[in-house]
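J.: Can you read through this structure? Questions will come right after.
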Amino acid sequence: MLQLRTSSPARRFSLAAALSLALGGGLALAAHGRGGSGSSALAAGRSLFMSKCAVCHKPDGSGQSYLGPKANLHRTAVQKKSDAELEAFIKKGFPPMPAWNGVLTETQIKSVVRYIRTFKSGKH
C-alpha cells in the first residue's frame, strides 16, 4: 500500500487526487464536492448516498429498514418535493435523520438530491 508522507492534510488530498486521476479514478474528486455538473455530479451523489444515506434508506432508496416507510425515497411525497425542499431537509435533518449541514458542502448536497431523483425514474 502506498503511504503519503506529508505534513499537510490538503497536500495529502491533492497528492491522492492526482494519483487517483492518473489511475483513471476521477470519482474521488467528485465525491469530495469538486466535481462539476452532469454525470460527474450524479456519480458523486451516488457515492455520497452509498456512504452516508444507504444505511437507513437502503442502496436502492426503498428504505426497507427499521425506520419504516418514511425512509422510502421512492414515495410520491418525497419525489414531489422541489430540489430546494429536499436540500433543506438534508441540511436540517429530521429525527432520526441527522442534519448534514456543515458536514456536506452545498455541492455535495445538491449531488445527493440529483441522485435521489433517479429513484423516481428507476435509473439508479
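Bear in mind these aren't lab numbers, they're just calculated from the coordinates by the rules spelled out. Values in this document were obtained by computation on a predicted structure and should not be read as measured data. When we count neighbours, we look across all protein chains shown, and the Cβ atoms used for this are built from the backbone with ideal geometry, even at glycine.
J.: Quick check on region 65-124: take the gyration tensor over C-alpha atoms, sort the square-rooted eigenvalues as a ≥ b ≥ c, and tell me if it's rounded (a/c under 1.5), prolate or oblate.
T.: It comes out oblate by the Cα gyration axes.
J.: Hey, another quick one. Students often check this: by mean Cβ neighbours within 10 Å, which of 100-112, 55-67, 74-86 ranks highest, and how do the rest follow? Mind dumping the intermediate values first?
T.: Working: 100-112: 18.0, 55-67: 14.8, 74-86: 13.0.
My ranking of the peptides, most packed first, is 100-112, 55-67, 74-86.
J.: Describe numerically, in nm with one decimal, the distance between label points set 7 Å from Cα along Cα→Cβ at THR105 and at ALA88.
T.: Once both label points are built, they end up 2.5 nm from each other.
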